[in-house]
Amino acid sequence: MSMATTAPTRRPRVNLAMIAPVVALVVLVLIGMALNPNFLSYANITNVLARSAFIGIIAIGMTFVITAGGLDLSVGSMAAFVAGLMILVMNLLTDSMGGGLPVILLGVALALFAGLAAGFVNGILITRAGIEAFILTLGTMGIYRSLVTWLADGGTLSLGYEMRELYRPVYYGGILGISWPIIVFAVLAILGEITMRHTAFGRHCAAIGSNERVARYSSVAVLRVRLMTYVLLGTLVGIAVVMYVPRLGSASATTGLLWELEAIAAVIIGGTLLKGGFGRVWGTVVGVLILSLIGNLLNLTDFVSPYLNGAIQGVVIILAVVLQRNTGAAR
Amino acid sequence: MTDPVLALNGVTKSFGPIEILHGVDFALHPGEVHALIGENGAGKSTTMKILAGYLDPTGGQVTWQGKPVAFKGSDQAEDLGIIMIHQEFNLADHLSVDQNVFLGRELRRGLMLDHKAMRAQTAELLGQLQCRVDPGMPVNRISVPDKQMVEIAKALSRKARVLIMDEPTAVLTERETEVLFAQIERLRGEGVAILYTSHKLGEVKRIADRVTVLRDGTMVRSDLTADVSEDDMAAAMVGRELSDLFPQKTFQAAEPILEAQGITVPGVVHDASLTLHRGEVLGIGGLVGSGRTELAEAIAGLRPRSGTVRLKGQDLPGNDVAQAMRAGLVYLTEDRKGAGLLLDKSLRENLTLGQLDRFGSPLIDRKREETALDTAISDFAIRAPDRDMAVGDLSGGNQQKLLLAKTLLSDPQVVIIDEPTRGIDIGTKQQIYALIARLATEGRSIIVISSEMPELIGLASRVVVMHAGRIAGELVQGAVTEGNIVRLAMGMDGHEKDSAA
Amino acid sequence: MRKTLIATTALMGLTAVPALSETIGISIPAATHGWAGALNFHAERTVARLSEANPDMEFVLTTTSDPGQQVSDLEDMVATRGIDALVVLPFESEPLTGPIQRIADSGVWVTVVDRGLSQEGIENLYVAGDNDSFGRTAGQYFADTLDEGAKVVVMRGIASTVDNERVAGFEAALEGSGIEVLAMDHGNWNRDTAFGLMQDWLSRFPEIDAVWAADDDMAVGALAAIDQAGRTDEMFVVGGAGMKEMVDRIRNEDPTVPVNVTYPPSMISTAIEMTVLGLTSGAPMSGEFIIASELITPENADNFYFEDSPY
């Protein structure tokens, strides 16, 4: 007998929790402006945004996974593995096909496919074999990391010189003065936000994360949607790699180290609930920018000892989240 | 007669603006078993929770040994020896039986827990209850009746002076019930005051010394059990004219629309068959745990099953809820909060969740959703202070109406409604009953699963009763009576008819 | 120590094993960055070569990614493989000193590579690069080629003893040269981190004359950032450890990469070889063997270019 009907409480429509990440971002920008006049220079802004792109693209996918109540710790290793594979195959193709644009297109196709396949493997094992996402992706994290170390023979895989020069503009080039990684990141972020808010897939992700049983009873294909979140994330890892490889033209065992944690942190800073049920892509974008801005600011100043960089980052992450949780609706 | 140990004097209780207990007087005496009976929603649980300190009365007085007392929570009541055994078990699933029995009052030797002593004492208590559960077993691995026994053992270990039992035999077999009664008699002999609730009036007649009947939050009679017959009790419980509450039945014989043959869900449903006709309201009765819900979920594609389900002559695959929904068959869950609604989401998001493909692809048309919500709010008379509020903040009745709206959004031909009015006030009940009747007159077919006898009798022209996972029998028209349903539900042979009409 | 070894071999001889059978354990950090990768490459190659030459000799090679795991590995080696000699590159000095001491006390020959233990006299043989000389060689080059008042930035590795020694050597060499160090921060021996760090320094400082990256992986990142900013002509970059790519650029007299400083990963080969030699021949191989860093210049670059090395 549940007669205890509580009086409906109204929630404020615009609260600080909604915009807390934006406030944090604005504060960081103001600090940056005060500390160094070069902060707002075209070059610096471009650098920061382009650098954010890899983690940002991955974090967009991570937003969907987390919203649907999942987690993926393997993305950093996956990126390294896909990058290693891409470079290896492009070098082989250069030998047999003599280089040129087709090699790049094949390499890009391979990276996208490898990312998709890796995400599919994660997703299928989580949904069909019923392994906890945390432990499964912890496992694949180790596997992909070892695979890239093995592919690289413990060293570094480097793209051949000719290919590197040809492929280079994909990171360093752009149109209208905006570099490609920024454009790709922005387009994906907009698509991601629309998908999350205005499509059945996004709605289903939130429903599954909120209460999987309700979703199932409402005829939502829970396993398929969940699988799709991992496939989407894997594909986005592939896209991130396509943008990453032209930067330094190499991949090694340290490529993508801790990217998974940065991506997860960005998602949570952005206001997505770690336990699932609610996610927003625009928040994730803000989260990613916050994380890269901290690094940028610390490099632009002698404000704190470099030994304390990690501490500053940690404090900002915690503050951003505390601000949301304390002022937000207690759910 | 001794003085009461625990009593209510003119107690009222309101939740928000709604008063649900209207001046209840109730007394528990040492060495006496006092039965509290009434329909679901009559206020039994609220009364018990006030007695055990879980709820504060809004008006009136609780007295302990003749003196007024205001419990600061159930802990204080428990310290005095007032122990309540809940219908929904209060056990920590992953802890072992003995850890549960001594939870919060662990025996210690110095700084360390005395596992040996706790295990031994638990074994002894379970022995008294003739329950053969290993005290070291985690609770989530023991059966439901055993859990009930563990709850009772837990209460016994607390040296109760007042023991409040909320339908303890609902999940027990006859033999287990006998063991429990022996314990109740022993406790009565030791001078414990016992409050006992049950829907099984025979049990009440047998074990209770005194019986009090609640109806709609009012105490309608209180007598020595010896002075009242089972019929008197039932009459006092129901009390009102059912025709006031239930709409006219209008069913005319029509062609079958849903045929379920030999449905088996391992362990819970065995070879159950039933047929539903166009425009018919079919009731499914039976005790909680008799497999009603599982049968319905199996038919609706929510569980793996064997057997066939044919809708309008077309086979439906098992374990494919989306397919069943597309074909026009939907199931409305009894577990509103756990499986029905997303409590942290808005009305709109809940309403359209199962039917998003109808609201535009690839992008959802927000305007069409809002229009659908407008329609639902007016059609189902949903009262929400703010349409963007989280559904969890709605009252139970409005939640149930929204769940109905959500389930009916796909315009189904067959609707299975599990416990349509659980935990809902009488006004909303009436609205929901009217809705069910309207659906039937529109030519839709409805299966109503309910634990409330009046609901089955008032709504359905035909009732199938389940017992222990099987169809125990079927009752038609005039044979649909409380007595017949109970007999079948209890597994007593009687009125058996070929259920596959 | 010597005695124990001889006693062991004597016993072996008695039990009808005709040739000398020895087990050598090798524990090195996992290939998490280029230099460690090269270390692994050289270790594996040496083991393969020595196994062929000494069929009775058994090698147990383990790689670890943290000090705790290394301790476990060492314990396993002693317990389950009964090693006669140990070649170890301690992940960190402090936590490994105790465990290695116990192994040494049990009579196993111990060769410590590169990273010294925190107590002296434990190991039989110490083979190491010279971190001070690594930093000093680079610093000396800066002092020799840059004018007074020149501005440089310094990219450090992961905060550790190795890093501290290198930077100390570098700073000591700069002393009195009038060269200004604009900024010093950790690039963590990682290309991507170095790339971002260099980008930010380029935004921050309008004038940079030279970059010292205390490792070639970081130099790769720094060079890419400088290239992107179009300031290649403005400064030169000195890395360290002799990565193939860098040596190649020096060979081709690339003005941006004029020199490099060695810190040969092949020291692990030296250590293994000397240990084997010590075991098989009984020649006195104890002591310290320090490999100083050399400056790679366009003149001598060919000597430092290894075609098939992964590094």
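What to note about this one:
- Residue that is farthest from the other protein chains (Cβ to nearest Cβ), among those in the range B:45-91 that are touching a residue at least 40 places away in the same chain (Cβ under 8 Å), among the small types (Gly, Ala, Ser) and outside any strand (DSSP E or B): B:Gly66
- Some residue of the range B:379-400 being within 21 Å of B:Val448 (Cβ to Cβ), buried (at least 23 other Cβ atoms within 10 Å of the Cβ) and either in contact (Cβ under 8 Å) with a residue 40 or more places away in the chain or more than 13 Å from every other protein chain (Cβ to nearest Cβ) (or both): yes
- Look at the range A:33-44: where a residue is more than 7 Å from chain C (Cβ to nearest Cβ) and assigned to a helix (DSSP H, G or I) and a partner is open to solvent by 40 Å² or more (accessible area, probe 1.4 Å) and modelled with pLDDT under 85, sitting 6+ places away or on another chain with Cβ atoms under 8 Å, you get A:Leu35/A:Phe303.
- As for the range A:70-85, it holds no residue that is touching a Gly at 6+ places or on another chain (Cβ under 6 Å) and open to solvent by 30 Å² or more (accessible area, probe 1.4 Å).
- Residues located in the range C:141-188, provided they are in contact with a Phe, Trp or Tyr (Cβ under 9 Å, 6 or more places away or on another chain), in a loop (DSSP other than H, G, I, E, B) and open to solvent by 30 Å² or more (accessible area, probe 1.4 Å): C:Ile158, C:Ala159
- The set of residues from the range A:214-230 being open to solvent by less than 10 Å² (accessible area, probe 1.4 Å) and away from chain B (no Cβ under 14 Å) comprises A:Thr229, A:Tyr230.
- Options A:Ala266, A:Ala253: the member that is at pLDDT 90 or above and crowded, with 24+ Cβ neighbours inside 10 Å: A:Ala266
- Flag if B:Gly354 is closer than 14 Å to B:Lys401 by Cβ and facing chain A (nearest Cβ under 8 Å): no
- Check on C:Asp192, acidic (Asp, Glu), closer than 25 Å to A:Gly160 by Cα and open to solvent by 20 Å² or more (accessible area, probe 1.4 Å): yes
- Cβ separations smaller than 6 Å between residues 6+ apart or across chains give the following pairs from the range C:202-216 residues that are more than 14 Å from chain A (Cβ to nearest Cβ) to residues that are charged (D, E, K, R) and surrounded by fewer than 21 Cβ atoms within 10 Å (Cβ to Cβ): C:Asp209/C:Lys151.
- Exactly one residue out of B:Gly262, B:Gly285, B:Gly267, B:Gly191 is among the small types (Gly, Ala, Ser) and either crowded, with 21+ Cβ neighbours inside 10 Å or under 25 Å from B:Leu435 (Cβ atoms) (or both): that is B:Gly285.
- Residue among A:Leu273, A:Leu291, A:Leu297 that is more than 14 Å from chain C (Cβ to nearest Cβ) and touching a residue at least 24 places away in the same chain (Cβ under 8 Å): A:Leu273
- Unmet criterion (only one of (1) out of contact with any Pro (no Cβ under 9 Å at 6 or more places or on another chain); (2) under 19 Å from C:Phe304 (Cβ atoms); (3) away from every other protein chain (no Cβ under 12 Å); (4) surrounded by fewer than 23 Cβ atoms within 10 Å (Cβ to Cβ)) for C:Asp248: (3)
- Qualifying residue in the range C:40-47 (condition: part of a strand (DSSP E or B), open to solvent by less than 30 Å² (accessible area, probe 1.4 Å) and in contact with a Gly (Cβ under 8 Å, 6 or more places away or on another chain)): no
- Applying the condition of being within 19 Å of B:Arg326 (Cβ to Cβ) and within 7 Å of another protein chain (Cβ to nearest Cβ) to the range A:202-213 and asking which residue is least open to solvent (accessible area, probe 1.4 Å) yields A:Ala207.
- Meets criteria (away from chain B (no Cβ under 14 Å), crowded, with 24+ Cβ neighbours inside 10 Å and free of Cβ contacts under 8 Å to residues at least 24 places away in the same chain) for A:Leu233: no
- Of the residues making up the range C:142-178, those that are β-branched (Val, Ile, Thr), in contact with a strand residue (DSSP E or B) (Cβ under 6 Å, 6 or more places away or on another chain) and in contact (Cβ under 8 Å) with a residue 60 or more places away in the chain are C:Val152, C:Val154.
- Single unsatisfied condition, C:Met267 versus (1) in contact (Cβ under 8 Å) with a residue 24 or more places away in the chain; (2) closer than 25 Å to A:Leu248 by Cα: (2)
- Selected residue [away from chain B (no Cβ under 14 Å) and either assigned to a helix (DSSP H, G or I) or open to solvent by 40 Å² or more (accessible area, probe 1.4 Å) (or both)] from A:Glu193, A:Glu165: A:Glu165
- Screening B:Val69, B:Val11 for residues that are surrounded by fewer than 17 Cβ atoms within 10 Å (Cβ to Cβ), touching a helix residue (DSSP H, G or I) at 6+ places or on another chain (Cβ under 9 Å), assigned by TED's automatic domain parsing to the domain that holds B:Glu203 and among the hydrophobic types (A, V, I, L, M, F, W, C) leaves exactly one candidate, B:Val69.
- Residues in the range A:62-121 that are free of Cβ contacts under 8 Å to residues at least 40 places away in the same chain and on the phi > 0 side of the Ramachandran plot: A:Gly98 alone.
- A:Ile175 vs. criteria more than 22 Å from the chain's Cα centre (by Cα), surrounded by fewer than 24 Cβ atoms within 10 Å (Cβ to Cβ) and either away from every other protein chain (no Cβ under 14 Å) or modelled with pLDDT of 95 or more (or both): yes
- Any hit, the range B:77-91, residues being under 21 Å from the mean Cα position of the chain (by Cα), open to solvent by less than 30 Å² (accessible area, probe 1.4 Å) and at positive phi: no
- Any hit, the range B:160-183, residues being more than 30 Å from B:Gly483 (Cα to Cα), out of contact with any Asp or Glu (no Cβ under 7 Å at 6 or more places or on another chain) and open to solvent by 30 Å² or more (accessible area, probe 1.4 Å): yes
- Which listed residue, of B:Asp315, B:Asp271, is at positive phi and touching a Ser or Thr at 6+ places or on another chain (Cβ under 7 Å): B:Asp271
- Look at (1) assigned to a strand (DSSP E or B); (2) without any contact (Cβ under 8 Å) to a residue 60 or more places away in the chain and you find that B:Tyr331 fails only one, number (2).
One line per residue, one yes/no per condition, for (1) under 17 Å from the mean Cα position of the chain (by Cα); (2) in a strand (DSSP E or B):
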| position | (1), (2) |
| --- | --- |
| A:Leu110 | no, no |
| A:Ala117 | no, no |
| A:Leu157 | no, yes |
| A:Pro181 | yes, no |
| A:Ala186 | yes, no |
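The values are calculated or read from the model by the stated rules, or taken from the named source; none is laboratory data. As the structure is a computational prediction, the values presented were derived from the model and not from experiment. When we count neighbours, we look across all protein chains shown, and the Cβ atoms used for this are built from the backbone with ideal geometry, even at glycine. The protein model used for the area step is the full one, side chains on, heavy atoms only, and it has no ligands, DNA or RNA in it. Shrake-Rupley method; radii C 1.70, N 1.55, O 1.52, S 1.80 Å.
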